[in-house]
Amino acid sequence: MKYRVSRTAFTLLEMLLAMAIVVSIVSMVYGSYFATAKSADVYKAMMTVSESAGGLLQQMTRQIRCSYARGDDDSPTPPEPLLPKTQGILDEPVNYFKGGSDLPNGEILHFVTTAPFSGLDGCRDGLFDVLYKFDKAARTLLVSQRRFVETPADLAPSREFSPVIEGIEDIRLQFFNGAEWADQWDFTQAKKLPRAVRISIACEDRSARKCAYSAVAHVYCLNPGKREIVK
């Protein structure tokens, strides 16, 4: 007589094989999830930097497009309320536009504009004296804005700066005179505004990824003593 023995348990080999299959499936699922999460973090960091840099370039190009410089007597002048003047103390010409990547004290751009920097001043009309400063040590771009008054620099009140964007590795400016690009611009020497300004920004996000952004702002303003619009 033969007896059939029924098995109610798994062998060691079967258990090891099942565990290996489970571990393989879990590893694949976790690896896919980890890669997706990492990609999402990288994308989010890049989008944060991109939005900040894009917003900054939009603000700067808008202000540069609206740059202002007083011309000769035959040049159009803004209404009197927009341009307060101090009589008898203005002995040197006003530098309406000065810029460069290597100016003293970290200053990169100083100009007069009819477009204020959003969020810094509740007033929307008039002329504004705007100064951008780049703190390389802190990798931060700062801006100072105040009402424009034609007075010598040593008589003007002290400036207060507000941070605009952090994580900047470098920022470069170039100025177009109608024929070529220059690294610096000085209104008192050129006697006119630049035709265009190119802004290049190098940033680093939280993942230490390098990002570069640039924009060109065309100046739409009458140059002093001329009745042609700069385009």
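Every number here is computed from the coordinates shown, using simple stated rules; none is lab data. From a predicted model like this one, the values you see are computed outputs, not experimental measurements. Cβ: placed from backbone, ideal geometry, glycine included. Neighbour counts: every protein chain shown.
Per-residue extension of 0.36 nm, minus the Cα-Cα distance of Gln184 and Glu160, leaves a gain of 6.2 nm for this segment.
The listed peptides 138-144, 15-21, ordered by packing as a protection proxy, come out as 138-144, 15-21 (highest mean of other Cβ atoms within 10 Å first).
Note on Thr11 and Ser50: the extension gain reaches 8.2 nm, defined as 0.36 nm multiplied by sequence separation minus the Cα-Cα distance.
Between the beta carbons of Val26 and Ser207, assuming R0 = 41 Å, the FRET efficiency works out to 0.95 to the nearest 0.05. In terms of surrounding Cβ atoms within a 10 Å radius of their Cβ, His110, His218 rank from fewest to most as His218, His110.
The local environment of Phe175, defined by Cβ-Cβ distances under 13 Å, has a net charge of +2 under the rule Lys, Arg +1 and Asp, Glu -1.
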